[in-house]
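Colleague: Quick one: structure below, then a few questions.
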Amino acid sequence: MQLGCHISVAKGFSKACRRAKELGAESFQVFTKNPRGLRPKKVDYKDAEKGVAFMREHGMTLVAHTPYITNLSTPKADLHEVTVRSIKEDLHIAETYGAVGAVVHCGKHVGEGVESGTRRMVDTLNEILSEYEGDCLLLLENTAGQGSELGLTLEELVRIREATEHPEKIGFCFDTCHGFAAGAWSEDFFDNLVRVMEETGYLKHLRAIHFNDSKAPYQSRKDRHEKIGKGEIGAAALAKFLRCKSFEGLPVILETPVDHEDEYAEEIRYLHQLKREETNV
Ligand SMILES: [Zn+2]
Ligand SMILES: [Zn+2]
């Protein structure tokens, strides 16, 4: 397991790599571009190369995250076009940064119904991936199920992946907060979650974990991240993830609310403490 956190890339990619290292992160995540915008990003290839070399030297793993405002299931032609163009670009940027994958949120059916939304999502994924030949995976993230979000259950995510023409180009990212809010797991059902991951074939394609506590209660279908141990999931339940052999080797990324990135140094130390089995929480 490589414990780490989300890092701002505002000052350039190679700076973000150094920053992650300073905070004690063994893995980290960056946005491919402004998360609330879709403006094409000019990639500084020289700086990216520097960052990739630094990551290699220190054995760090990177996960990239695509902007929030795309919708893989949109019925609107213009947003569909922008979504395809933007995520294709995100894959290119993620690959340039040496990321294992680019996280993308599942589609929202916006009133068209789950079936229709799922079909659109599969078609859009096909369009995005048909010409992509790089080695960066598109990572589907499970959702809390806010509004008309698709992708609440592992079974649904596996079905979507398998329905595409390019399942080999798709992996998964599991968010602990979203899973809890969607009712996919809780402390009492942790073993069941791991079993479902194994039985459905989800685990084989799991490439990253977003590690967050939740401000909102179990099955609330609200996406509200909280610091580890301060939310409704609690430290004891989250520690099970850190100690589970099935997740060995995966990047575990904090996306918890902080006023300043520096605060992650302490939270990463806390994760190491939780991971040690003798610790009572
Ligand atoms: Zn997440
Ligand atoms: Zn979230």
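Colleague: For region 127-227, place one equal point scatterer on every Cα, skip the solvent, and apply the Debye formula. What is log10 of I(q)/I(0) at q = 0.18 Å⁻¹?
Modeller: Rounded to two decimals, the profile gives -0.83.
Colleague: Under a 5 Å amide H to amide H cut-off, with H placed in plane at 1.01 Å, what residues pair with G171 once short-range neighbours are removed?
Modeller: So G171 has HN proximity to L138, L139, L140.
Colleague: Could I get the Rg over Rh figure for the chain? Both from C-alpha atoms, Rh via Kirkwood, rounded to two places.
Modeller: On the way: Rg = 17.8 Å, Rh = 18.8 Å.
Rounded to two decimals, Rg over Rh is 0.94.
Colleague: Expressed as a rounded percentage, what relative contact order does region 137-260 have, with Cα pairs under 8 Å and six or more residues apart?
Modeller: Details: 235 pairs, mean separation 31.4, N = 124.
Computed value for region 137-260: 25 percent relative contact order.
Colleague: What is the extension gain from Y45 to L79, computed as 0.36 nm multiplied by their sequence separation minus the C-alpha to C-alpha distance, in nm to one decimal? Present the calculation step by step, with values, prior to reporting the outcome.
Modeller: Working: separation 34, 0.36 × 34 = 12.24 nm, distance 2.84 nm.
Value of the extension gain: 9.4 nm.
Colleague: I need to check one value: relative contact order of region 1-77, counting alpha carbon pairs closer than 8 Å and at least 6 residues apart, in percent. If you can, show how the numbers build up before the last one.
Modeller: Details: 98 pairs, mean separation 27.8, N = 77.
36 percent.
Colleague: Enumerate the helices in the chain for which the Kyte-Doolittle hydropathy averages -1.0 or more and the C-alpha atoms extend at least 20 Å along the helix's axis, using complete DSSP H runs.
Modeller: On the way: long enough: 77-96 (29 Å, -0.29); 114-129 (22 Å, -0.20).
For the chain, where a helix must reach 20 Å along its axis and average at least -1.0, the hits are 77-96, 114-129.
Colleague: If each of F189 and R221 carries a label point 7 Å out from its Cα toward its Cβ, how far apart are those two points in nm?
Modeller: The answer from the label model is 1.4 nm.
Colleague: Counting only DSSP beta bridges with both residues in region 2-275, tell me the antiparallel percent, nearest 5.
Modeller: Given both bridge residues lie in region 2-275, the antiparallel proportion sits at roughly 10 percent.
Colleague: Another one. Identify all lysines with a Cα-Cα distance to K215 below 29 Å; exclude those on the same chain that are fewer than 8 residues away in sequence.
Modeller: K21, K33, K108, K227, K230, K240, K245, K275
Colleague: Another one. State the percentage of accessible surface on region 2-275 attributable to carbon and sulfur atoms; use a 1.4 Å probe and exclude ligands, DNA and RNA.
Modeller: Values: 5750 of 12020 Å².
Solvent-exposed carbon and sulfur of region 2-275 make up 48 percent of the total.
Colleague: What is the pair-distance distribution P(r) of region 186-235, computed from all Cα-Cα distances in 5 Å bins starting at 0, with each bin given as a whole percent?
Modeller: P(r) over region 186-235, rounded to whole percents: 5, 19, 19, 24, 20, 12, 0.
Colleague: Considering only K33, K41, K245, give the residue with the highest GNM mean-square fluctuation for the chain, with springs between Cα atoms whenever their separation is below 10 Å.
Modeller: Fluctuation is largest for K245.
Colleague: Taking the Cα centre as origin and putting +1 on Lys and Arg beta-carbons and -1 on Asp and Glu beta-carbons, what dipole magnitude results for the chain, to the nearest 20 debye? Working shown, then result.
Modeller: Values: 37 positive and 45 negative charges, 127 e Å.
Here the size comes out at about 620 debye.
Colleague: So who's got an amide H within less than 5 Å of the one on H210, skipping anything under 5 residues away but keeping other chains? H placed 1.01 Å off N, in plane.
Modeller: F174, D175, T176, I253
Colleague: Could you grab the relative contact order for the chain? Cα pairs under 8 Å, six or more apart, rounded to a whole percent.
Modeller: Working: 589 pairs, mean separation 50.9, N = 281.
Dividing the mean separation by the residue count of the chain yields 18 percent.
Colleague: Let me ask something else about it. I'd like to check one number: the per residue accessible area of the chain, probe 1.4 Å, reported in Å² as a whole number. Spell out each step's value before the answer.
Modeller: Working: 12700 Å² over 281 residues.
Accessible area per residue, the chain: 45 Å².
The values are calculated or read from the model by the stated rules, or taken from the named source; none is laboratory data. Computed from a predicted structure; not experimentally measured. Neighbour counts are summed over all protein chains in view; Cβ atoms, including those assigned to glycine, are modelled from backbone coordinates with ideal geometry. The protein model used for the area step is the full one, side chains on, heavy atoms only, and it has no ligands, DNA or RNA in it. Shrake-Rupley method; radii C 1.70, N 1.55, O 1.52, S 1.80 Å.
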